[in-house]
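Have a look at the structure below, then the notes.
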Amino acid sequence: MTATRTLTAAEINAALLYRDALILVLNKPSGIAVHVTAHDKISLDQSFHHLQFGLPKKPELAHRLDRGTSGCLVLGRHRQALIKLGKLFEKQRVNKTYRAICVGVPAEPQGIITRAILKSGVGSKWKMSLDDAGQAAVTEYRVLRTLGALSEIEFSPKTGRTHQIRLHAAFALGCPVVGDPFYGPADGEFSVSNVPMMLHAETVEIPLQQSKPSIIVHAPLPEHMVELLAQMAICQES
């Protein structure tokens, strides 16, 4: 599902998980792009002017989440904050944990995926694939539980490649994310035509100040993931 309108001031403020003088962390809704693209004319950042809180400029994105991914999204409130955040993300010092519902069960209950990712194509016709010629990509994973044909999996990416978790889940584990429009089931009850994508940025840990503990922010699971997990749990018990 793609957004058809921008978020109101009330809606985007309700999504605010954390605020200080430097950063904001939002619980991004699924189904809205973080910025305008060739395919997305409605975006989350079009509502950032509602989050200025007295500052002269609106906050800006410190990183990206895919349209279908929900959860923790970090914004810098001004230029110096964005520079600081940019360095932390570049040096892979920001720890992120994702929760996903995937089709199938991994062969091993936990492990580390080290499959390189290659971006090919030009302009808006790019695509991502697992390829040794690509950039190194590392993802830790842990199966939280299995529910019939599905698995609830925690992913911790150690690199920040485009579509990294989705590619590693689908082609390294053989367990695509439910509702993934690119790498998930083409049809059936777990395809994008029937359900939203079940990938959520659950936790972000930011070592923003050397003299202070890291900022840790948790985003509650979106309703569509809670509902599917409840349904599958009921099915398993019956």
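Observations
- Applying the criterion of being assigned to a loop (DSSP other than H, G, I, E, B) and among the small types (Gly, Ala, Ser) to the residues of the range 27-58, the residue that is farthest from Gly179 (Cα to Cα) is Gly54.
- Residue in the range 8-23 that is nearest to Leu75 (Cα to Cα), counting only those that are open to solvent by less than 70 Å² (accessible area, probe 1.4 Å) and part of a loop (DSSP other than H, G, I, E, B): Leu22
- 3 or more residues among the small types (Gly, Ala, Ser), under 18 Å from the mean Cα position of the chain (by Cα) and modelled with pLDDT under 95: qualifying strands (runs of 3 or more DSSP E) within the range 147-238: none
- Filtered residue count, the range 133-144, keeping only those that are in a loop (DSSP other than H, G, I, E, B) and within 25 Å of Gly104 (Cα to Cα): 2
- Answer residue from the range 160-200, given it is small (Gly, Ala, Ser) and over 14 Å from Ile101 (Cβ atoms) and is surrounded by the fewest Cβ atoms within 10 Å (Cβ to Cβ) among those: Ala186
- Verdict on Leu199 being under 25 Å from Thr37 (Cα atoms) and aliphatic (A, V, I, L, M): yes
- Among the residues of the range 24-48, just one is among the hydrophobic types (A, V, I, L, M, F, W, C), touching a strand residue (DSSP E or B) at 6+ places or on another chain (Cβ under 7 Å) and open to solvent by 50 Å² or more (accessible area, probe 1.4 Å), namely Val36.
- Pairing residues of the range 214-234 that are farther than 16 Å from Ala15 by Cβ and among the polar types (S, T, N, Q) with residues that are in a helix (DSSP H, G or I) and open to solvent by less than 30 Å² (accessible area, probe 1.4 Å), at Cβ distances under 6 Å and at least 6 apart in sequence or on separate chains, gives no pairs at all.
- Any hit, the range 38-55, residues being under 13 Å from the mean Cα position of the chain (by Cα) and of a type in the set (A, V, I, L, M): no
- Residue within the range 61-76 that is more than 17 Å from Arg19 (Cβ to Cβ), assigned to a helix (DSSP H, G or I) and either touching a Leu at 6+ places or on another chain (Cβ under 6 Å) or aliphatic (A, V, I, L, M) (or both) present: no
- Check on Gln164, without any contact (Cβ under 8 Å) to a residue 12 or more places away in the chain, among the polar types (S, T, N, Q) and farther than 16 Å from Ser30 by Cα: no
- The set of residues from the range 114-128 being in contact with a Ser or Thr (Cβ under 9 Å, 6 or more places away or on another chain), open to solvent by 40 Å² or more (accessible area, probe 1.4 Å) and either at pLDDT 95 or above or not in a strand (DSSP E or B) (or both) comprises Thr114, Arg115, Leu118, Ser124, Trp126.
- Of Arg93, Arg77, Arg5, Arg67, all but one fail to be open to solvent by 70 Å² or more (accessible area, probe 1.4 Å) and free of Cβ contacts under 8 Å to residues at least 60 places away in the same chain; the exception is Arg5.
- Matching residues, the range 77-112, being assigned to a strand (DSSP E or B), closer than 14 Å to Ala169 by Cα and in contact with a Cys (Cβ under 8 Å, 6 or more places away or on another chain): Cys102, Val103
The values are calculated or read from the model by the stated rules, or taken from the named source; none is laboratory data. Keep in mind that what you see is a predicted model, and the values were worked out from it rather than measured. Glycine also receives a Cβ, built like all others from the backbone with ideal geometry; neighbour counts cover every protein chain displayed. The area values use the complete protein model at the heavy-atom level, side chains included, leaving out ligands, DNA and RNA. Shrake-Rupley method; radii C 1.70, N 1.55, O 1.52, S 1.80 Å.
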